[in-house]
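The values are calculated or read from the model by the stated rules, or taken from the named source; none is laboratory data. What you see is a predicted model; the values in this text were computed from it and never measured. A quick note on method: Cβ atoms are made from the backbone with ideal geometry, for glycine too, and the neighbour counts reach across all protein chains shown. Areas reflect the complete protein model, heavy atoms only, side chains present, ligands, DNA and RNA absent. Shrake-Rupley method; radii C 1.70, N 1.55, O 1.52, S 1.80 Å.
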Amino acid sequence: MRRLLFIVTLCVLPLAAACSTGSSAGGVVVRHEDPRVAARDVEIRRATARRTAHACELARASLARVANAKAPTERRAAIMRAWKLASSVLADQRSEALAAIAPDVLRVYDVGEMIADGPNVPRGTVFGMLAPDLRATPGMRDESGAPGVARRVARLLRESDPDAWGGATFAFAAGESVVVLQDPAHFADVERTLDRLATVGGGVAHVRLAVVATGARHTVATPSELNFEPGEFDAVVDVLRNRDQRGPSIDTRVVRVDLDVPYGRERSAIRGEQVSYLQDFDVDVGSGLADPRIGTMLHGAAVAGVFGAADESESSNPHFEVDVEWSRVVLPIEEFTTTLASNRNPVRIQIPAVRALRVSGATNSGAEQVAHFPTWDGHELVVGVAFDPAGEPRPAWTRVAPGFERQATVSDVPLLDDALRLAALHVEAGVPSRAALEVHFALASAEAPVWRMRVRPSAETDEGVLVRWPVSGDASKSDVLEALGDAGVAQAPGYGFVDVEDGVLLACIDVESADALATAIGAIARRARATRAPPAATFDRDGLDMNQPVLSASATSQIAFVQDFDLEVARGLAIADPVIGTILEGATVRAFPVPSASPGTFDVEITHSVLVRPIPTIETSLSRGGPVTIQLPRMRLHTTWRRVVVEPGGVVSVTSAIQDPSAEPDAHEFMLRGLPRQ
C-alpha cells in the first residue's frame, strides 16, 4: 500500500496571490464566416441587454412607489413586483438600505454568525444520477458560505409558512442576510421559526454506510423507507459478512462511507466511480457543426443527510433525515450512430444503462439506530446513525436596523463612463488586460464607496459588478485576496479584476460572485472583531483562533486529456483544433473552523480521486469534417465530511483510501497538528 504523509500545521499562510478566475465549461467553439449568424448573435445580446436595463428601470420605479403606498398590502405588492422584474435591484443593496425600504412589511436578518460556523452543502450537490464533475477540480464544494447557508434558511422559511401566517411569506438571501417580506402581524412567527432554523451549536450526526457483498440474489422489493431500530452498526455488518453465500475464498471487503453532519446543515458523501459518456450534441444552425455534450453518472454508493429540528412540535431529541443511493452502470456503455441533419456526417452517442435504488428515512432517537436492506445484485446496505449533541443549538441571527444609504451610480464615479467605452473597445480588440486597467483606474479615482454596482461596457460584453469598499481592521492585501479566493469570487469575464489599495477593496467581478464577495467581506470583518477579544484557543504566537480562514492541504497531480475541439469554418472547410483539459488526481483536505463548538473543532472536507487508466475514448464526427477522438475520463471517488477536535499540541490523522482492483490501494494521510499554547 502506498501511504503519503503530509503534516499540516494549524496556522494561516497566504494560499493565493490573486483571486480565482472563473472558467467557462468546455464545448465546441465555432468560428465561421457567415455574417448573418454573427449579426444575429450580436442583436440577441443587444436585445437582452436592453430588456435587462428596462426591467431594472421598472423595478426601481416600483420601489419608488413604496413610500407613497398607504396600505401594507400595497407596499408588499410593490416590492414583490420589483423582485419579479429585476431581483438584482433589491439583492444588490446593502442590508441596512434594504431594511429601510418598508420596515413594517420587510425585515432583514443577518445570519453571518451561522455562516461562520461552516458551509452548507446541499444534498443535490453530489447526489442523484449525476456525480460531481471532477475534470476541473476533485470534489464538489460549496465555494461560498452565504449562498449555501442563507439560501437554505430562506428556503426553509418559505416552506414553513403555515396558513396561519396568511400564506404571504416571501424570503430570499442577499449576501449574509435573509430578507423576509411578510404581513406585519406575523413577523413574530417568522422570528420564532428563525430561532429553530438559523442556529449554531447542537453537535453532529454520525452517519455510517456499509455495502456488504453477500452473494444473495434478492427478489423482494426495495423498502420505501429506512426502518431504523436500536442496534450496533458494526455488529450488524459482521453478521451480514458471515452470511456470505459464495464461500470462504471469496473476497468479502466492505465498501464504507462515513459522514458527519452538523446541526442545521446538509452534507453528502460518495464512494464509487464517476463515469463520463457522450450524452448528446448541440447543433450550431449557421455552420451545421455539432457540439458534443459530456454527461456523468455515479457508479457506487452515496449518502446524504440533513440535521435539525423538523417542526415546532419536535421533541427535544435531534431530528435527522438521510438518503441512501446505490447505482450500477452497465459497462461498456452502448453506442449509437445517427445523422443530425441531411447531407451531414453521422455522429455517435452513448446510451447508458443504469440500475439504481434510493431509500430515505428519518430518526430522532438519542440512541444509535441501524437500518439495512438487500439490493438486486447480491449486496446488503447497512445505515447507522448516532448523535453527538455537544450542547443545545442556539439562535444565531440578528435583525438588521434600517439605515439610509444611497446606492452609488455611474455619476458617482466620474471617469467610469469613458472607462467603460474604452473597455468595450479593448475587449473587441482582444486586449482584456487594457480593458481591466481602464475600469480599475476609474474605480480607484472615485471618492465614495461603491457597493455592487452593475455595469456592462457594451451589449456584446457580459455584465459585471463593481465594488469599492473599505476592508475591516488591519487585514493585509494577501488576507483579503485569500478570503475572496476561498469564497469562490470570480472576475468579470474580459475586463474584471480584484485588488486592494490603501485598505480599500477594488473589484470588478462576475455577477454570480456578488453574494460570495459579500460573504468574504463579512468573514474579514468577523476576524477583525475577533482579534480584539481574547482568542477562543491559541495555537501559535500570533494568537490563531477559531475565526481564522479555512486551512487546506493537498497531494495532487495533473493529467492532460483531449477534452473537446474548437472548430473553424473557412471556405467551406471545417478545421478541428483539439482542446487539452487537465484532471486533478489525488487527495485534498480542507478544515473549516467551528467557532460555536469547543476550541480546536474543525469540519474537515475530504476529496480523493483516482483516474482509471487507460482513459476510455470515443470516435465521432462533429457532423462536418472528419472523425475526431474524445477522451471520457472515469474517476474513482471518495468525498466526505468529518468533524475533528485538535487539542493544543495534539495531532489528528485524516485519512482516505481508494481500492483499485488491479493495483495497490491509493492511500493518503494528512496530519492536523495543533501548536501548543504559548
Q: Sketch the reach of a paramagnetic label on GLU96 as a point 7 Å from Cα along Cα-to-Cβ, and name the residues of region 431-449 whose backbone nitrogen lies under 14 Å away.
A: 449
Q | Separation of the ALA67 and ASP462 label points, Cα + 7 Å toward Cβ, nm | A | 3.7
**Q.** Sequence of TYR263, TYR495 from largest to smallest accessible area, 1.4 Å probe
**A.** TYR263, TYR495
Q: For VAL42, put the label point 7 Å out on the Cα→Cβ axis and report which residues of region 457-480 keep their amide N under 15 Å from it.
A: 458-461
Q: Work from the charge dipole of region 591-678 (Cβ charges, +1 for Lys and Arg, -1 for Asp and Glu, about the Cα centre) and give the residue of THR655, THR639, HIS668 farthest towards its positive end.
A: THR639
Q: Compute the distance in nm between two label points, each set 7 Å from the Cα along the Cα-to-Cβ direction, one at GLU428 and one at ARG613.
A: 5.0
Q: Starting from the Cα of ALA353, move 7 Å in the Cα-to-Cβ direction to define the label point; list residues of region 371-401 whose amide nitrogen is under 18 Å from there.
A: 376-378
**Q.** Nearest-0.05 FRET efficiency for ALA657 and ARG81, computed from C-beta distance (R0 45 Å)
**A.** 0.20
(Q) Could you work out how much longer the chain between GLU57 and SER445 gets when fully extended? Use 0.36 nm per residue separation minus the Cα distance between them, nm to one decimal. (A) 137.0 nm
Q: First measure r as the distance between the Cβ atoms of VAL645 and GLU232, then evaluate 1/(1 + (r/R0)^6) with R0 = 25 Å and state the FRET efficiency to the nearest 0.05.
A: 0.60
Q) Once you put a point 7 Å from the Cα of ASP282 and another 7 Å from the Cα of ASP474, both along the Cβ direction, what distance in nm separates them? A) 5.0
Q: Consider just the alpha-carbon atoms of region 321-391 and return their Rg together with their Dmax, both in angstrom.
A: 21.4, 70
